[in-house]
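Reviewing the structure listed below.
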Amino acid sequence: MTRIFGLSGSLRRKSFNAALLKAASEEMPGGASLEIGSIADVPLYNADLEADGVPAAVLDLRARIEAADGLLLSTPEYNNGIPGVFKNALDWVGSGPGAAVFKGKPVAVIGASPGGFGTIMAQTHWLQVLRALQARQYHEGRLMVSGVRKLVDDAGEVVDAETRGRLATFLEGFVDWTRG
């Protein structure tokens, strides 16, 4: 069984990127699973706080990423870049000895946005961060969901069949690549 760990970069209760991750968990190919985590309890990075002991929420994320065969990031795009809370969470996880969990780890980035360009700028921004962490980045495809408000219902479910099909195809490629 290939185990993928997923994180959404939004803290919003009805996050479009959390909805995309939930849909991803339902569209995983055979022999693979997606466990969804949260960045909600990760404090702002502070080296003084780290010196006093890494927060439990960070240690938990670090352990879950390390145990997974791959990492799936579902990123919003704020002001043409990565949301600060999302980068902060990975900065914490990758700090000090945590950097080892990313080295060679298969990582894919997807994203949903109400705007017309999807999350192209945020996904491109992630390339620099993942390279610095020495992650093994998946480049065989891109999944950017634009106009997401029309594709998600009030219950936070991705209801658009085309989007779900694109997601399933992306996940199949990522899981196959992770296994390779």
- Message: Could you check the range 56-86 and list, in sequence order, the residues that are surrounded by fewer than 16 Cβ atoms within 10 Å (Cβ to Cβ) and farther than 25 Å from Met121 by Cα?
- Response: Ala56, Leu59, Asp60, Ala63, Glu66, Ala67
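Condition (residue is under 28 Å from Leu44 (Cα atoms) and not in a loop (DSSP other than H, G, I, E, B)) applied to the range 144-166: is it met by at least one residue?
Keep residues of the range 144-166 that are under 28 Å from Leu44 (Cα atoms), which gives 144, 156.
Going one step further and asking which of them are not in a loop (DSSP other than H, G, I, E, B), we end up with 144.
Scanning the range 144-166 turns up at least one residue that is under 28 Å from Leu44 (Cα atoms) and not in a loop (DSSP other than H, G, I, E, B).
Of all residues in the range 108-130, which are assigned to a helix (DSSP H, G or I) and surrounded by fewer than 15 Cβ atoms within 10 Å (Cβ to Cβ)? Steps first, answer last, please.
Our first condition is that a residue be assigned to a helix (DSSP H, G or I); within the range 108-130, this holds for 120-130.
The answer is Leu127, Gln128.
Within the range 131-142, work out how many residues are farther than 23 Å from Val93 by Cβ and either of a type in the set (Phe, Trp, Tyr) or crowded, with 18+ Cβ neighbours inside 10 Å (or both).
At the first step, the residues of the range 131-142 found to be farther than 23 Å from Val93 by Cβ are 140-142.
Applying the additional criterion that residues be either of a type in the set (Phe, Trp, Tyr) or crowded, with 18+ Cβ neighbours inside 10 Å (or both) yields none.
Residues flagged as farther than 23 Å from Val93 by Cβ and either of a type in the set (Phe, Trp, Tyr) or crowded, with 18+ Cβ neighbours inside 10 Å (or both) within the range 131-142 amount to 0.
Across the range 38-67, which residue is nearest to Arg13 (Cα to Cα) among those that are hydrophobic (A, V, I, L, M, F, W, C) and within 13 Å of the chain's Cα centre (by Cα)? Before you say what the answer is, go through the steps one by one.
Start the filter on the range 38-67 by keeping residues that are hydrophobic (A, V, I, L, M, F, W, C), which leaves 39-40, 42, 44, 47, 49, 51, 54, 56-59, 61, 63, 65, 67.
After this cut, where a residue has to be within 13 Å of the chain's Cα centre (by Cα) as well, the list is 39, 61, 65.
Values: Ile39: 13, Leu61: 20, Ile65: 23 Å.
The selected residue is Ile39.
Just checking, which of Ser25, Ser33, Ser10 is touching a strand residue (DSSP E or B) at 6+ places or on another chain (Cβ under 6 Å), of a type in the set (Ser, Thr, Tyr) and not in a strand (DSSP E or B)?
Values: Ser33 fails: not in a strand (DSSP E or B); Ser10 fails: touching a strand residue (DSSP E or B) at 6+ places or on another chain (Cβ under 6 Å).
The match here is Ser25.
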- Message: Being touching a residue at least 60 places away in the same chain (Cβ under 8 Å) and either under 12 Å from Ala89 (Cα atoms) or among the basic types (Lys, Arg) (or both) is the filter here; which residues of the range 10-64 pass it?
- Response: Ser10, Leu11, Lys14, Lys22
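Readers should treat all values here as calculations from the given coordinates under stated rules, not as data from a laboratory. Note that this is a predicted model, so its numbers are computed, not measured. Cβ coordinates were reconstructed from backbone atoms using ideal geometry, including for glycine residues, and neighbour counts include every protein chain displayed.
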